[in-house]
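Enquirer: I am attaching a structure below and will ask some questions about it afterwards.
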Amino acid sequence: MKCYVCGGQLNAYNVCPQCGADVLMYKRIISKSNSLYNEGLEKAKVRDLSGAVICLQESLRLYKKNTYARNLLGLVYFEMGEAVLALSEWIISRNYDGGKDNLANLYIEKLQSNQAKLNTINETLKKYNQALQYCYQGSYDLAAIQLKKVLSINERLISGYQLLALIYMETEEYEKARRTLLRSLRIDANNTRTLTYLKETNRIIKEIEEQQNTDGKKGKKKARPSSDVYSYEVGNDVIIQPVYEKEKAGFSSVINILLGILVGVGICYLLILPARIDKKTQEFEQQFIEVSDQLAEEQAKHNQDIISLDSMTKERDELKSKVADLTGASGKVRPLDYLLQAATKYVENGDNSSAVMELLDNITEDELAAENADFNALYYGLKDDTGPRVIEAYVEAARAAMKSSDYEEAVKQYEKAYELDKTNSDILMNLAHAYRQKGDVDTADKYYRQIMSEFPESENAQDAAEYITNQ
C-alpha cells in the first residue's frame, strides 16, 4: 500500500515512514473498500449480480482506484448484457493503472479485436432503443418483436427481459410475463426489480384464478331429482306404476345426428384454427420485419443521397464563386485588373508614381505566387521603376510636414516610405525622430533599438543609442 501524500510504501504503522502523514483513516478506507470487493465477489459467484453491483459501486465510492473492484464490476455488467457500461469501467481502470498486470487491458483487447461482437452490441442497442420508442408510441406489438430480436442476439440483457415482461403485463399476457421474468432470474438470481415484477405478476395470476373458480361455482345448478315412477290411491290401496317415456324417432334422430356432426366439425375447426392463426401471424410478423428492414435501408440510402446532393450543391456554388472571381463577374477586382490599371497609369503619366504604387499594393503575396512568370515580371518591373520616386516623394512630404510641425502627417509619410524600402536606416531614423517630436517616446525608443539591432555598424546606430530615453 502506498501513501496518498508522497506515494511512498507504507508499513505496519499508522504513520508514513517517508513524509510522516497520518494514514490510519486512509488504511481503514482501503480495508473497507477491499472488504466490499470481497463481498461483491461472493455475490457474483452465486449469480446475485445486482447485489454484486451495489457492493462494488460502494467499494469504488470509498476508493476509486481499486482496479480489482472496477474490473469485476465491468465483468458483472458484461454478464448482465450491459457491454457499454462494462467497457466504460475497464477504460477507467486502465487510465488509473496502465500496467501489464491490469486485466482491464486484456478485456478491452479481446472486445476490440472481435469486430463482429462490437457490431452485434451496436445492433442490440439500436433495436433496444427502437423498442423503447415503440413503447412510448403505444405500439406494444412492435416493441415486443424488437425485444425478441434483441434477446435472440444478446441472451443476457437483463433490462431487455424486464421491458418485455412489462409489455406482456400491459397486454395482460401474465403467463408470458412470468416466464420471461423467470428467464431473467436465471441470469441474475436476486435482481430487486425482476423480483418485484414477478411478485406483482404472481399476484395478478392468483386473483384471476380465484375469480375463475368463484364464477365456476356460481354457474353450477343443482339437478332436480328425477322420478321414473308415479303413484295414486284406489280406496285404501296405493298403486305404484313406472313411467315410460316414448322415445322420439324418425326426423328427431336425423336432427340429432346432424347436430352431432356439426358439433364435431366445429370442435375440430376450433382445435385446428388457433394453430393456423399462429402460423399465419408468424408469417405476417416475418414479412413485417423484412419490410421494416427494407424501409429502414431505403431511408438510410435516401438520407445519404440528400447528404451527397447537399455536398455537390455546396461544391458547385464554390466553383461558381471561383469562376466569378476569375472572370470578374462577381464584382471583385482581380489582381490582373490592378496590374493593368497600374501599367496604364505608368504609360499615361510616368510621373504619377504614387498612384501606380497604390494600385500595386492591392496585390498580395499569395496572389503573386498564384500568377505566372509574365505577371510577376511586369509587377516587379513597375515596382522597381516607380519605387524610388515614390519613396522620395514620401520623404519630401514628411520633411515638409516636420517643418510645419505636423508630426502626425510626418509619421504617416515616413512609414509609407519605410514600407517600400526597409533597408534604409535613414528613413527609419527619421521615423523615430518624428515619433519623438510627436511625443510618443515608447514608439520612438522601439525604432531606435531596431536601428541598433538591424544596422549596428551605421552612424545612425550610434546616434540612436544616445536618443533612447529608457535605457
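Enquirer: Would you be able to say whether some residue in the stretch 14-29 is in contact with a Lys or Arg (Cβ under 9 Å, 6 or more places away or on another chain), under 22 Å from Glu89 (Cβ atoms) and in a helix (DSSP H, G or I)?
Expert: Looking only at the stretch 14-29, we keep the residues that are in contact with a Lys or Arg (Cβ under 9 Å, 6 or more places away or on another chain), and these are 14.
Restricting the remaining residues to those that are under 22 Å from Glu89 (Cβ atoms) gives none.
Within the stretch 14-29, not a single residue is in contact with a Lys or Arg (Cβ under 9 Å, 6 or more places away or on another chain), under 22 Å from Glu89 (Cβ atoms) and in a helix (DSSP H, G or I).
Enquirer: Which one is surrounded by the most Cβ atoms within 10 Å (Cβ to Cβ) among residues in the stretch 37-59 that are over 33 Å from the mean Cα position of the chain (by Cα) and of a type outside the set (D, E, K, R)?
Expert: Narrowing the stretch 37-59 to residues over 33 Å from the mean Cα position of the chain (by Cα): 38-39, 42-43, 45-46.
When the remaining residues are screened for being of a type outside the set (D, E, K, R), the result is 38, 46.
Values: Asn38: 13, Val46: 11.
Once the filter is applied, the top-ranked residue is Asn38.
Enquirer: Going through the stretch 160-193 one residue at a time, which ones are under 16 Å from Glu79 (Cα atoms) and either buried (at least 22 other Cβ atoms within 10 Å of the Cβ) or among the small types (Gly, Ala, Ser) (or both)?
Expert: So the first thing to find is which residues in the stretch 160-193 are under 16 Å from Glu79 (Cα atoms), and the list is 160-162, 183-191.
If the condition is that a residue be under 16 Å from Glu79 (Cα atoms) and either buried (at least 22 other Cβ atoms within 10 Å of the Cβ) or among the small types (Gly, Ala, Ser) (or both), then Gly160, Tyr161, Ser184, Asp188, Ala189, Asn191 are the ones that fit.
Enquirer: Here is a follow-up. Can you list residue pairs whose Cβ atoms sit under 9 Å apart, with the first residue in the stretch 129-158 being within 19 Å of Phe284 (Cα to Cα) and the second being assigned to a loop (DSSP other than H, G, I, E, B) and open to solvent by 40 Å² or more (accessible area, probe 1.4 Å)? Count only pairs 6 or more apart in sequence or on different chains.
Expert: Tyr140/Thr171; Asp141/Thr171; Ala144/Thr171
Enquirer: Also, quick follow-up: If a residue has to be among the aliphatic types (A, V, I, L, M), closer than 16 Å to Asn154 by Cα and surrounded by 18 or more Cβ atoms within 10 Å (Cβ to Cβ) to count, how many in the stretch 60-86 make the cut? Talk me through it step by step, then tell me what you get.
Expert: Residues of the stretch 60-86 that are among the aliphatic types (A, V, I, L, M), as a first pass: 60, 62, 69, 72-73, 75-76, 80, 83-86.
From the residues that got through so far, the ones that are closer than 16 Å to Asn154 by Cα too are 75-76, 80, 83-86.
From the residues that got through so far, the ones that are surrounded by 18 or more Cβ atoms within 10 Å (Cβ to Cβ) too are 75-76, 80, 83, 86.
Going through the stretch 60-86 one residue at a time, the tally reaches 5.
Enquirer: Based on what the data block shows, is Tyr13 more than 35 Å from the chain's Cα centre (by Cα), over 17 Å from Asn190 (Cα atoms), open to solvent by 40 Å² or more (accessible area, probe 1.4 Å) and among the aromatic types (Phe, Trp, Tyr)? Full working, then the answer.
Expert: Values: more than 35 Å from the chain's Cα centre (by Cα): yes; over 17 Å from Asn190 (Cα atoms): yes; open to solvent by 40 Å² or more (accessible area, probe 1.4 Å): yes; among the aromatic types (Phe, Trp, Tyr): yes.
Criteria met by Tyr13.
Enquirer: With respect to the numbered conditions (1) modelled with pLDDT of 85 or more; (2) of a type outside the set (A, V, I, L, M); (3) under 27 Å from Ala465 (Cβ atoms); (4) open to solvent by 20 Å² or more (accessible area, probe 1.4 Å), which one is the sole condition not fulfilled by Ser404?
Expert: (3)
Enquirer: In addition: Restricting the stretch 230-289 to residues that are at pLDDT below 65 and of a type in the set (A, V, I, L, M), which is nearest to Ala144 (Cα to Cα)? Outline the logic, then answer.
Expert: Step one: of the stretch 230-289, the residues at pLDDT below 65 are 230-250.
With of a type in the set (A, V, I, L, M) added as a condition, the list becomes 234, 238-240, 243, 249.
Values: Val234: 80, Val238: 76, Ile239: 75, Ile240: 71, Val243: 64, Ala249: 57 Å.
If we take residues in the stretch 230-289 being at pLDDT below 65 and of a type in the set (A, V, I, L, M), then Ala249 is nearest to Ala144 (Cα to Cα).
Enquirer: Another question about this same structure. Taking Leu142, is it out of contact with any Leu (no Cβ under 9 Å at 6 or more places or on another chain), open to solvent by less than 60 Å² (accessible area, probe 1.4 Å) and either at pLDDT 90 or above or among the aliphatic types (A, V, I, L, M) (or both)? Reasoning before the result, please.
Expert: Numbers: out of contact with any Leu (no Cβ under 9 Å at 6 or more places or on another chain): yes; open to solvent by less than 60 Å² (accessible area, probe 1.4 Å): yes; either at pLDDT 90 or above or among the aliphatic types (A, V, I, L, M) (or both): yes.
Judged against the criteria, Leu142 is a match.
The values are calculated or read from the model by the stated rules, or taken from the named source; none is laboratory data. A quick note: this is a predicted structure, and the numbers were derived from the prediction, not measured. Because the Cβ atoms are built from the backbone with ideal geometry, glycine has one as well, and the counts that use them run over all protein chains shown. When the accessible area is computed, the model is the full protein with side chains, heavy atoms only, and any ligands, DNA or RNA have been set aside. Shrake-Rupley method; radii C 1.70, N 1.55, O 1.52, S 1.80 Å.
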